[in-house]
Amino acid sequence: MNARLNAFASPVTGKLVKHLVSASKVVEDTTLPAVTQELVKIRASQINGCGGCLDMHTKEAAAAGETSLRLNLIAAWREATVFTDAERAALELTEQGTRIADAAGGVPDDVWANAAKHYDEEQLLALVSVIALINTFNRLNVILQYPAGGYQVGQIA
């Protein structure tokens, strides 16, 4: 399978992706735990059906020491006992923020309040940012049909 277009060959999308990657690096340097960031990226990518991002972020998470058990249970985080309360709050915010069109009023107040119990303001802003960024990457990849399976750990777009 090949992508519909090579986004990296285009001056416009090449520049856009470069800026998105730079924005992602800003979030990576916050105090929001790196493991939480990867869980969020994986969950949003599952919801959006983005194989390219799932390929990248499951491999990156595994290379950083995430267990296969936790990786395999992300989609079923509500029933799984392997996630902390803070991670659960982040995953719930991810789902609500990713499925924003499904909720008439956006992200419910109780979901936000639960996340706010576990993360300070800067971490919440980082969490919202990582959710927004991964959804942007997901949409680019899904629309362009970016193929999954060839990602190498540490490879930068």
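Any read-out appearing in this document is the output of simple, stated calculations on the displayed coordinates, not a laboratory observation. Computed from a predicted structure; not experimentally measured. In this analysis, Cβ positions are derived from the backbone assuming ideal geometry, glycine residues included, and neighbour counts consider all displayed protein chains.
Taking a ≥ b ≥ c as the square roots of the eigenvalues of the Cα gyration tensor, the chain is classed as prolate, since a/c reaches at least 1.5 and a/b is larger than b/c.
Each residue, Gln155 and Met1, gets one label point 7 Å from its Cα in the Cβ direction; the gap between the two is 1.5 nm. In this simple spin-label model, placing a label point 7 Å from the Cα along the Cα-to-Cβ direction at both Ala86 and Lys59 gives a separation of 2.9 nm. The relative contact order of the chain comes to 41 percent, based on Cα pairs under 8 Å that sit 6 or more residues apart.
Protection proxy ranking, highest mean first, for peptides 27-39, 116-128: 27-39, 116-128, where packing is the per-residue count of other beta-carbon atoms within 10 Å, averaged.
If you take the square roots of the eigenvalues of the alpha-carbon gyration tensor of region 1-60 and sort them as a ≥ b ≥ c, do you get rounded (a/c under 1.5), prolate (a/b over b/c) or oblate? Verdict is oblate for region 1-60. In this rough spin-label picture, where each label sits 7 Å from Cα along the Cβ direction, the Val21-Lys117 distance is 3.9 nm.
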